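Engineer: Okay, handing you the structure first.
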């Protein structure tokens with residue numbers, strides 16, 4: 001089946017630094033990728049929808065200047081957490097949308113971010 | 001905004017038992033997903049449904065669009081089925097998914 005990778009799988013950083021997370025669809029082209037966040041014992045929440053070659057669409061309450069999304073190609077989307085704070089510590093998951101007859105979403109393995 | 005409710009929140013059963021997890025949602029959808037999340041966090045998509053019923057191995061998913069309800073069944077459950085099962089819906093006009101809080105399933109040997 002289709003595979004989506006994320007890098008890094010976990011990261012620890014100091015407060016105030018920026019962290020970039022990559023999401024790649026390995027064997028298919030994804031015109032749309034999604035970024036989700038999951039806090040401990042909570043459900044996943046959609047942060048933004050990323051379309052190749054255009055600006056991301058952010059959900060209400062998600063700061064676009066803090067969570068920068070770049071979808072530069074059909075196989076790569078990046079999420080940059082700028083000036084990270086401890087409250088940004090979370091599990092970040094991307095998914096890639098496969099359209100057509102086999103339409104579905106494939107999820108990446110997630111990136112665990114800890115901001116000290 | 002679509003509200004997605006899952007039940008039960010926690011379920012412990014013995015190996016071999018038939019398992020049912022329920023999901024209801026409040027607003028019409030174009031698709032419903034059943035996902036499996038293991039302790040490490042990784043998510044696997046089990047099914048995507050827009051109507052009827054799908055079966056894959058010991059897993060069966062059904063959806064009733066009129067009643068806004070879906071069920072995930074596991075036959076002959078096994079300890080390796082232990083995971084969090086998440087229902088997620090895509091509302092009409094939306095691209096992203098809205099998730100339920102998940103059902104934490106433990107299958108004891």
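Engineer: With all pairs of different alpha carbon atoms counted, what Kirkwood hydrodynamic radius in Å does segment B:56-109 show? Could the numbers behind the result be given before it?
Structural biologist: On the way: mean 1/r = 0.0773 Å⁻¹.
Taking the inverse mean of 1/r over all distinct Cα pairs, segment B:56-109 comes out at 12.9 Å.
Engineer: Between rounded, prolate and oblate, where does segment A:55-116 land on the alpha carbon gyration tensor, with a ≥ b ≥ c its root eigenvalues, rounded for a/c under 1.5, else prolate if a/b exceeds b/c? Write down the numbers at each step before the final one.
Structural biologist: Values: a/c = 2.32, a/b = 1.72, b/c = 1.35.
Note, shape of segment A:55-116 comes out prolate.
Engineer: Could you give the nm distance between label points at residue B:94 and residue A:29, where each point is 7 Å from its Cα heading toward the beta carbon?
Structural biologist: In this crude label model, residue B:94 to residue A:29 measures out at 2.9 nm.
Engineer: How far apart, in nm, are the 7 Å Cα→Cβ label points at residue A:65 and residue B:30?
Structural biologist: It is 3.2 nm.
Engineer: Still on this structure: Using only alpha carbon pairs under 8 Å that are at least six residues apart, calculate the relative contact order of segment A:52-116 and give it in whole percent. Walk me through the intermediate numbers first.
Structural biologist: Values: 83 pairs, mean separation 16.2, N = 65.
It rounds to 25 percent for segment A:52-116.
Engineer: What per residue convex hull volume, in Å³, comes out for segment B:1-106 when only alpha-carbon positions are used? Write out the running numbers ahead of the final one.
Structural biologist: Values: hull volume 9.5 nm³, N = 106.
It comes to 89 Å³ per residue, whole-number rounded.
Engineer: Also: Can you give me the relative contact order of chain B as a percent, contacts being Cα pairs under 8 Å and 6 or more apart? If you can, show how the numbers build up before the last one.
Structural biologist: Values: 278 pairs, mean separation 40.3, N = 109.
Value for chain B: 37 percent.
Engineer: If you take the beta carbon distance between residue B:69 and residue A:76 as r and set R0 to 41 Å, what does 1/(1 + (r/R0)^6) give as a FRET efficiency, to the nearest 0.05?
Structural biologist: On the way: r = 38 Å, r/R0 = 0.92.
Working from the Cβ atoms, E equals 0.60.
Engineer: Another question about this same structure. Give the distance, in whole Å, between the Cα centre of segment A:1-42 and the Cα centre of segment B:50-67.
Structural biologist: 29
Engineer: How big, on average over all directions, is the shadow cast by the Cα convex hull of segment A:1-114, in nm²? The partial results should precede the final answer.
Structural biologist: Numbers: hull surface 27.6 nm².
Projected area, direction-averaged: 6.9 nm².
Engineer: Could I have the simple spin-label model distance between residue A:85 and residue B:20, label points 7 Å from Cα toward Cβ, reported in nm to one decimal?
Structural biologist: About 4.6 nm, to one decimal.
Engineer: So if R0 is 30 Å, what FRET efficiency would residue B:53 and residue B:108 give, r being the distance between their Cβ atoms, rounded to the nearest 0.05?
Structural biologist: Working: r = 28 Å, r/R0 = 0.94.
After rounding, the FRET efficiency stands at 0.60.
Engineer: While we're looking at this one, here's another question. Which whole-number value in Å³ per residue fits the convex hull of the alpha carbons of the protein assembly as shown? Let's see the in-between values first.
Structural biologist: On the way: hull volume 27.0 nm³, N = 225.
So the per-residue hull volume is 120 Å³.
Engineer: Can you tell me which of A:21, A:93, A:12 moves the most in a GNM of chain A? Springs connect C-alpha atoms under 10 Å apart.
Structural biologist: A:12
Engineer: For chain B, with a Gaussian network of springs between Cα atoms less than 10 Å apart, report the residue from B:66, B:14, B:36 with the top mean-square fluctuation.
Structural biologist: B:66
Engineer: Would you mind calculating the relative contact order of chain A from Cα pairs under 8 angstrom and at least 6 residues apart, reporting the percent as a whole number?
Structural biologist: Numbers: 288 pairs, mean separation 41.7, N = 116.
Result for chain A is 36 percent.
Laboratory data are not the source of any read-out in this text; all were calculated from the coordinates shown. Just so it is clear, the structure is predicted and the values come from calculations on it, not from any experiment. Here the Cβ is made from the backbone with ideal geometry for all residues, glycine too, and neighbour counts use every protein chain on show.
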